[in-house]
Amino acid sequence: MNFKRIQWIFIIAFVLLDIGLCVSLLMGTQFHNTGKQQSQTQITLKEMKNDLISVGPLSDKRRNGYYTAAQSNNAWTSNNRVNQLRGQTARINDGIVNSTFQKNIKLRTGASQQQQLDKVVHSNLILHGKQYSYNEELSTAKQIVYTQTIKDQPVLDREGQIKFHVNNNHEVTGYTQGYLSEFKILRPRAMTISQQQAVTWLYRHNQINNNSRITHVIFGYSKIQKNGNQVVFVPIWTVNVKNKAGGSAQSLRVNAFSGTLFKMSTNN
């Protein structure tokens with residue numbers, strides 16, 4: 001074996017060794033970063049537990065989201081149309097219908113309130129009622145909520161919701177309704193932060209008090225700006241927090257694109 005052949009064998013061996021080291025280094029870095037992120041999340045969740053913050057299982061899966069626009073105006077609720085609604089007294093305020101039923105609707109005990117109110121929403125008692133869906137997570141004992149949807153996710157603002165009012169006798173006395181039309185996508189879909197990231201971000205930024213319970217973490221759409229009749233929506237995570245010692249619940253919102261606190265409009 002001559003010297004030149006030996007020299008080529010050494011060169012090839014060194015090249016293969018360098019490639020192996022580079023691949024090992026890259027894989028090790030990727031594993032380290034993933035492990036570090038998971039470790040930090042687990043540490044945060046443990047800190048929340050130590051601060052007596054109760055929360056159920058949180059998904060670490062990211063979702064698809066969109067910048068979306070819709071039309072919100074008073075034309076759909078003209079006085080002529082509202083006056084034609086039977087069995088109720090309705091008025092318009094800032095594009096929102098406020099209605100009181102002339103005869104309260106009794107909700108039967110033991111029966112699904114969704115099935116009972118679906119018949120009302122999908123009848124001629126409600127304008128465009130078939131475009132709304134019942135939302136259990138947003139509903140309470142005193143307020144039953146139906147929403148329009150964007151890409152199968154609920155609109156979390158009053159402009160796209162029907163809110164039925166329930167009295168102490170378990171009767172529906174009336175409702176408020178906003179309506180959106182002409183939905184369109186403004187930008188291609190993009191990835192959002194996960195449910196888990198939204199909750200841990202709020203905790204790390206001192207938005208969740210000690211000795212509290214996180215009751216719901218809801219994904220949906222909320223308005224970010226309004227230009228004339230056009231309303232622009234972005235995906236958000238809504239985190240409902242209730243103090244274990246009592247008191248009213250708090251609703252916190254996180255922009256699902258930027259991962260920052262989302263300021264709610266005062267008229268939602």
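No lab work stands behind these numbers, since they all come straight from the coordinates. What you see is a predicted model; the values in this text were computed from it and never measured. Glycine gets a Cβ as well: all are built from the backbone with ideal geometry, and neighbour counts include every protein chain shown.
Computed over the Cα atoms of segment 157-268, what is the ratio Rg over Rh, Rh following Kirkwood? Before the final figure, lay out the partial values.
Details: Rg = 16.2 Å, Rh = 16.0 Å.
Rg/Rh for segment 157-268 comes to 1.01.
Quick query: amide H of I224 versus all other amide H atoms, modeled in the peptide plane; which residues come in under 5 Å with a sequence gap of 5 or more or a different chain?
Close amide H contacts, sequence-distant or interchain: V232, F233, V234.
Report the charge-dipole magnitude of segment 125-268 in Debye, nearest 20, computed about the Cα centre from +1 at each Lys and Arg Cβ and -1 at each Asp and Glu Cβ. Walk me through the numbers on the way to the answer.
Numbers: 16 positive and 7 negative charges, 79 e Å.
Roughly 380 debye for segment 125-268.
Calculated FRET efficiency, S112 and T215, Cβ-Cβ r, R0 30 Å, to nearest 0.05?
Between S112 and T215 the formula returns 0.90.
Can you list, largest first and rounded to whole Å, the semi-axes you get for segment 54-123 by taking the square root of 5 times each eigenvalue of its Cα gyration tensor?
Working: eigenvalues 208, 120, 23 Å².
The three semi-axes for segment 54-123 are 32, 25, 11 Å.
With θ set to phi - 60°, apply the Karplus curve 6.51 cos²θ - 1.76 cosθ + 1.60 along segment 192-205 and write out the HN-Hα couplings as whole Hz, x wherever there is a Gly or Pro.
In residue order, the calculated couplings are 9, 6, 7, 4, 5, 5, 5, 5, 5, 5, 4, 5, 5, 9 Hz.
List, in order, the whole-Hz ³J(HN,Hα) value for each residue of segment 43-59 obtained from phi through the Karplus relation with A = 6.51, B = -1.76, C = 1.60 and θ = phi - 60°; use x for Gly and Pro.
5, 4, 5, 5, 4, 4, 5, 5, 8, 6, 9, 8, 8, x, x, 10, 6
Once the piece of chain linking S59 and S248 is laid out straight, how much longer is it, given 0.36 nm per residue of separation minus the C-alpha distance between them?
Working: separation 189, 0.36 × 189 = 68.04 nm, distance 2.60 nm.
That works out to 65.4 nm of additional length.
Using a Förster distance of 25 Å, how high is the FRET efficiency between S258 and N50, based on the Cβ-Cβ distance and rounded to 0.05? Let's see the in-between values first.
Working: r = 28 Å, r/R0 = 1.14.
Computed FRET efficiency for S258 and N50 comes out at 0.30.
Per residue of segment 159-169, in order, report the coupling 6.51 cos²θ - 1.76 cosθ + 1.60 (Karplus, θ = phi - 60°) as ³J(HN,Hα) in whole Hz, putting x for Gly and Pro.
Karplus-based 3J(HN,Hα) across segment 159-169 equals 4, x, 9, 10, 10, 8, 9, 10, 8, 5, 8 Hz.
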